[in-house]
Amino acid sequence: MAENELAQKLQRRLVLGDAPEPPAEDEVPAVHNGDEEDKPANANADSELSAKLNRRNDINQGTAVPATRGQVFNPYTEFKEFSRKQIKDMESMFRQYDTGRDNFIDMMELKLMMEKLGAPQTHLGLKNMITEVDEDIDGKMNFREFLMIFRKAAAGELEEDCGLMCLAKLSEIDVSTEGVLGAKSFFEAKVQALSSASKFESEIRAEQDERKRQEEEQKKRRAAFKELKSAFH
């Protein structure tokens, strides 16, 4: 049995010895599909790495901010200086002008907004407005960046004649009376910040009470309708 296996191995070695050697790698002709040029296998990887390096360079220079992946944006906890009503008013305004329904306000939507508010802007003015709050450098405003307009306005960080200040003034949202950042001093702001949690809870309770009151009124109206209906039968 062992002798047969040895004979088979010797026979295979002889066959391989008579076979021609494979050509060297530099002698293998390139294969082309039609007129398409050969692309290196690592082209996509190099492109992705280059994009990441450029992004990191922008972040280091302060022209971009790192993406906050996996984080859920909650305006009520991040913008505690505003009441729930103020934030809801801002959200309503944002949705009104987000005509594309993509959760962003782009250049054209901002142009329409400013025209309806009675303060039309030039193309450069609109671009500067977005750049002022565009933290992720995508050329448009998400809701968080939209809220930053009112935060900056309440903190006095905007020029009086700039487009964002015009937007904040012409909107029906008043951020000057309740905004923590608009307080007269740092210590007053601290006091208001400490009481924001209880204020937040009281607003929730008020909303719940209002919802219960509306439900009770609906029940009474349904009962009155049934009683009136039974009177005709």
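The values are calculated or read from the model by the stated rules, or taken from the named source; none is laboratory data. Quick caveat, the model's predicted, so the values are computed rather than measured. Virtual Cβ from ideal backbone geometry, glycine too; neighbours counted across all protein chains shown. Please note that ligands, DNA and RNA were not included when accessible areas were found on the heavy atoms of the full protein model with its side chains. Shrake-Rupley method; radii C 1.70, N 1.55, O 1.52, S 1.80 Å.
Residue check: is Met129 at pLDDT 95 or above, under 29 Å from Glu203 (Cα atoms) and surrounded by 15 or more Cβ atoms within 10 Å (Cβ to Cβ)? The answer is no for Met129. Among the residues of the stretch 97-117, what is the count of those that are open to solvent by less than 60 Å² (accessible area, probe 1.4 Å) and in a helix (DSSP H, G or I)? Here the count works out to 6. Does Leu158 satisfy the condition of being at pLDDT 90 or above, part of a helix (DSSP H, G or I) and not β-branched (Val, Ile, Thr)? Criteria not met by Leu158.
One line per residue, one yes/no per condition, for (1) closer than 28 Å to Gln208 by Cβ; (2) assigned to a loop (DSSP other than H, G, I, E, B); (3) modelled with pLDDT of 95 or more:
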position	(1), (2), (3)
Gly70	no, yes, no
Thr77	yes, no, no
Phe94	yes, no, yes
Ala119	no, yes, no
Asp136	no, yes, no
Leu147	yes, no, yes
Cys166	no, no, no
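In the condition set (1) exposed (fewer than 10 other Cβ atoms within 10 Å of the Cβ); (2) at pLDDT below 65, Arg56 is compliant with all but (1).
Checked against (1) at pLDDT 90 or above; (2) of a type outside the set (A, V, I, L, M, F, W, C); (3) touching a Phe, Trp or Tyr at 6+ places or on another chain (Cβ under 7 Å), Gly179 meets all criteria but (1).
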